[in-house]
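Single-structure report; data block below.
The values are calculated or read from the model by the stated rules, or taken from the named source; none is laboratory data. Since this is a predicted model, take the numbers as computed values, not measurements. Cβ placement follows ideal geometry from the backbone for every residue including glycine, while neighbour counts extend to all protein chains displayed.
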Amino acid sequence: MSFFQVQFVSMKKSLSRREFLKLGGLALAGLAFTPFYPEITEFEDIDMVRVATKQVSVYQELSGKSPIVATWYQDDLVHVYDLVDTHTLVSPYINPRWYRVWGGYMNQARLQKVKFQYNDPLTTVPEAGLIGEVTVPYAQAYIYDKWNGWQTTYRLYYTTVHWFTGIEAGPDGQPWYRILDEADRSIYYIPAVQMRPIPPDEITPISPDVPFDNKLIDVNLTTQTLTCSEYDRVVFQTQISSGWAGLSINEPTTTPTGHFNIQVKMPSKHMGEANLAAGLDDYVLPGVPWDSFFTDKGHAFHGTYWHDNFGATMSHGCVNMRSEEAKWLFRWNLPPASFDDISKQTHSKIGFGTQVDIHY
C-alpha cells in the first residue's frame, strides 16, 4: 500500500450521529461495518470518486507525462478536493478534466463520482416488482442456494437500476432486496439500505402530448453531442460518448449513422455477458440504466457508470450518456414509458417512437 493510500485509509473511522439518523435510526449503525457493506468514511457530503477501470494513476502535475506518485485500483474510493479543466485534450483517454486528490491529480476519464446515501427498507414489495437505484459506490450482490449457502456474485454500481421483486433476510439477518436479472432471470440479493426504490411518478413521461413528428433526437458524432428538439426548438443538449472504431477488430463498434426510431425502452438492462460466474475483468454490465434502443442490433442511448469521459468515443456502438441525462431522455422520447406502461414480464416498453438522426 502506498503512502497516499495509507493516508486515505487512516481517515476511515465511524459514521457521525447525523449520518446514522439519516439512515432511518441508530439501529442501522452496525450495518456500516459488516463484511457486506463498502467501508464508509467519517466525512459528510464528501466528494468521492470510484476507480472504474483496472487502475488509475495519480500524477504529480496536470499531465500524464509528469511523475506518477500513486496508483489506485478498481473500485477504490478516492477523496477529491477539486475539478480542474486544462482545456487541452491530449487523447481520448486523457481528457482536459482532472481531479485534485491527495498527492497530485487523477484524470477524470475513468473515474465515477459517487456518494454514500442509505435508505429505509420497504416492508413489502408488490408481486410484480419495483425498480430501484443503487445509492452507494457499489453494492456487493450475493446468490443463495441450500448446498453452498451465500456466495458473492456481481457488484452493482452507483446509479445502476434494477428490478426487485421481494425483501428477505440476508446473510447478516438484515433486510435484503431480491433482484431479478432481466437477462437470464437469475436471482441475487443486495442490502435494502443500499438501493432507493424509485417512485412511479419519478419516471412520468415528459411532454408526451407533443406530436410524434415534432420530436427529434439529433446525434452529431463529430462533436459528440446529442440535441433534443420539439417543434424545431432545442429543449435539451449534452455531450455523449459514441462507439470507438478501434475497440474491436472482430465486430463493428462504431455507432451507426442514418435515420432511426426508438424501438424499445427499458429502465434497466444487463449488457455484456449475463453470467453469474463473471469477474471484474469481464465485460459484464448489470443494471445499465435508462435504455432507449434505436436499432434491432442493440444500439441504445443509456446511462453510463464505467467512465466519465463524455465528449470522446468510448462505447461498443451505443450512445453513452450521464445516467441522469439518459433518464431525462428516457422520459422524454416516445413511446411513453411510465411505470404502468412497462411490461412486468419483459421489463420493457415496445413501440415505434421518436425519430433519431445520427451523422458526422
So which of Tyr144, Tyr154 is farther than 14 Å from Gly166 by Cβ and out of contact with any Lys or Arg (no Cβ under 6 Å at 6 or more places or on another chain)? Tyr154
Qualifying residue in segment 187-203 (condition: modelled with pLDDT under 95 and within 28 Å of Thr53 (Cβ to Cβ)): no
All-but-one check, Arg185 against (1) under 28 Å from Asn333 (Cα atoms); (2) in contact (Cβ under 8 Å) with a residue 24 or more places away in the chain, failing number (2)
In this structure, is Thr295 touching a Phe, Trp or Tyr at 6+ places or on another chain (Cβ under 7 Å), at pLDDT below 95 and within 21 Å of Leu221 (Cα to Cα)? no
For segment 216-227, indicate whether the set of residues that are within 30 Å of Pro126 (Cα to Cα) and touching a helix residue (DSSP H, G or I) at 6+ places or on another chain (Cβ under 9 Å) is non-empty. no
Go through the residues of segment 93-116 one by one and say whether even a single one is within 30 Å of Asp341 (Cα to Cα), in contact with a Gly (Cβ under 9 Å, 6 or more places away or on another chain), surrounded by 17 or more Cβ atoms within 10 Å (Cβ to Cβ) and among the aliphatic types (A, V, I, L, M). no
